[in-house]
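Working notes, structure below.
The values are calculated or read from the model by the stated rules, or taken from the named source; none is laboratory data. Fair warning: this is a prediction, and the values are worked out from it, not measured in the lab. Note that each Cβ is placed from the backbone with ideal geometry, even for glycine, and that neighbours are counted across all protein chains shown.
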Amino acid sequence: MNPDCRDMPPACFPTVQSKSDMNRKEIFSVISNRRLTARTMLLKVAGATGAITAPGQFVNIAVEGKYLRRPISLFDYDDDSITLLYDIVGDGTEWLATRRPGDPLDILTGLGNGFQPAPESRRPLLLGGGVGIAPMFALARRLRAEGKDITVVMGYNTAADVAAEKLFADEGFSTYVATVDGSRGTKGFVTDAIDANGLDGDYFYACGPLPMMRALCSALDLPGQLSLDQRMACGFGACMCCSLQTRSGDKRICKDGPIFFKEDLIWK
């Protein structure tokens, strides 16, 4: 998710929340908030997680002094805690990076629709660009529990940006890295790492910048699901600011997504 929507016009601002969305509002307590790279943080908070139903969903965090919440993908979750991987990209996330253990956070949970594991797939590729790797962690754990042979490929600009490789490797996942400048792993993009290492999955799940998602859909002759990283205002479908056209009609990325099947997307 792109957490900083600072330049949205007033017409896009949400004015109401449905009762069902308000019921997802919880006050969480920071457990830890540690820096992984110069701009990437790993935040763990304690609180009620019952509204979360699947990997790929996101939360929306209230930021002090800001009207709009910040949407951030779920990295991991259990019965009483949530872990978030996020980049510091603006005032809102800079404030979030200063939160310390015990600090409260006002969070809407269980937003969006999660990934739908493909039962026919046995060797899925999990692909992430930058902080877009975040929703792949909980998904990888779920797919492994289903007996799938998982391969994770993550792409960054440079070695200094590589934030999540160790987190996945420590969990025992087969992990590959691509960097645009070649300073770590395969030189190039996620697709280059797939080719260079002879990875031959039968399905893919991906999250990252829209140009990366477009390139993956073109380059991979595989079915798949994509989490679209898009600016959002309300985060629950009221403002229509993150709408896109699909083969099944107009959709809202925050409410109808952020997960979409490859074959349903229209790239212009």
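One table, with the values for the structure above:
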read-out	value
Residue tally, condition free of Cβ contacts under 8 Å to residues at least 24 places away in the same chain and of a type in the set (Gly, Ala, Ser), over the range 169-200	7
Leading residue by the ranking (surrounded by the fewest Cβ atoms within 10 Å (Cβ to Cβ)) among those in the range 109-125 that are under 17 Å from Phe58 (Cβ atoms) and in contact with a Pro (Cβ under 9 Å, 6 or more places away or on another chain)	Asn113
Criterion (hydroxyl-bearing (Ser, Thr, Tyr) and at pLDDT 95 or above) met by exactly one of Thr98, Thr109	Thr98
The range 118-155: number of residues that are touching a helix residue (DSSP H, G or I) at 6+ places or on another chain (Cβ under 6 Å) and either more than 19 Å from Ala169 (Cβ to Cβ) or free of Cβ contacts under 8 Å to residues at least 40 places away in the same chain (or both)	3
Checking Lys166 against (1) at positive phi; (2) free of Cβ contacts under 8 Å to residues at least 12 places away in the same chain, the condition it does not meet	(1)
The range 135-180: number of residues that are in a helix (DSSP H, G or I), under 20 Å from Arg214 (Cβ atoms) and of a type in the set (Gly, Ala, Ser)	0
Residue count, the range 146-157 (criterion: of a type in the set (S, T, N, Q) and closer than 11 Å to Ala178 by Cβ)	1
Answer residue from the range 55-78, given it is over 21 Å from Ala118 (Cα atoms), assigned to a strand (DSSP E or B) and among the hydrophobic types (A, V, I, L, M, F, W, C) and is nearest to the chain's Cα centre (by Cα) among those	Ile72
Identity of the residue in the range 142-180, crowded, with 23+ Cβ neighbours inside 10 Å and of a type in the set (Gly, Ala, Ser), that ends up farthest from Leu74 (Cα to Cα)	Ala178
Counted residues, the range 94-131 - those being outside any strand (DSSP E or B) and within 15 Å of the chain's Cα centre (by Cα)	6
In the range 53-95, the residues that are closer than 16 Å to Phe137 by Cβ, at pLDDT below 95 and among the β-branched types (Val, Ile, Thr)	Val59, Ile72
Unmet requirement for Leu226, which otherwise passes all of (1) part of a strand (DSSP E or B); (2) at pLDDT 95 or above	(2)
Scan of the range 120-173 for residues that are under 16 Å from Thr186 (Cβ atoms), out of contact with any Leu (no Cβ under 6 Å at 6 or more places or on another chain) and of a type in the set (S, T, N, Q), ordered by number	Asn157, Thr158
Count - residues of the range 181-197 that are part of a loop (DSSP other than H, G, I, E, B) and either modelled with pLDDT under 95 or crowded, with 18+ Cβ neighbours inside 10 Å (or both)	2
